[in-house]
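Structure record follows, encoded as structure tokens.
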Amino acid sequence: MRVATFLACFAGAAVGCLDGRDATIPASGTPYWFPQPVDHFGSNNATWQQQYFVNATFYKPGGPIYVHTPGEQSLTTRFVDGTHPTDLAQTTNALVVAIEHRFFGKSNPIPDLSGSSLQYLTIENALEDF
């Protein structure tokens, strides 16, 4: 699932778009996961779970959604609770979502960092994750 599809569930308050669950906005501080293909281009059809956090403290329907991608480091609640996007969310009634990069933190498509595993750590696959 691409992040754009995932975020559309919240933006439109759609029902049933997250694996059959309501699109209820998750609580801040709780890690959540959504499925991604190991390889968006077909050589490995397995999936893995990509971690994300949400801060909906200031969100009002119709407000913007700020996506924070902290890059090549482990994701923590700090990225939705104590950064510039959080400050912006307060003044713009926004939702803040932070998404962990593949192969960093707990978002590992393959459990090891061998050369054969790292073939899936490409710019193209990372871009498709988002």
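The values are calculated or read from the model by the stated rules, or taken from the named source; none is laboratory data. Source: prediction; values computed, not measured. Glycine gets a Cβ as well: all are built from the backbone with ideal geometry, and neighbour counts include every protein chain shown. Heads up: the accessible areas ignore ligands, DNA and RNA and are worked out on the full protein's heavy atoms, side chains in. Shrake-Rupley method; radii C 1.70, N 1.55, O 1.52, S 1.80 Å.
General remarks:
- Loop-located trypsin sites (Lys or Arg not before Pro) in segment 28-113, at most 16 other Cβ atoms within 10 Å (DSSP): K106
- GluC sites (Glu not before Pro) restricted to DSSP loop in segment 33-130 with at most 15 other C-beta within 10 Å: E72
- Total formal charge among the other residues, if their Cβ is under 13 angstrom from that of A94, Lys/Arg +1 and Asp/Glu -1: 0
- In sequence order, segment 108-115 has phi-based couplings of 10, x, 10, x, 10, 10, 6, x Hz under the Karplus curve 6.51 cos²θ - 1.76 cosθ + 1.60, θ = phi - 60°, and Gly or Pro positions carry x.
- When nucleic acids and ligands are ignored and a 1.4 Å probe is applied, W48 ends up with an accessible area of around 10 Å².
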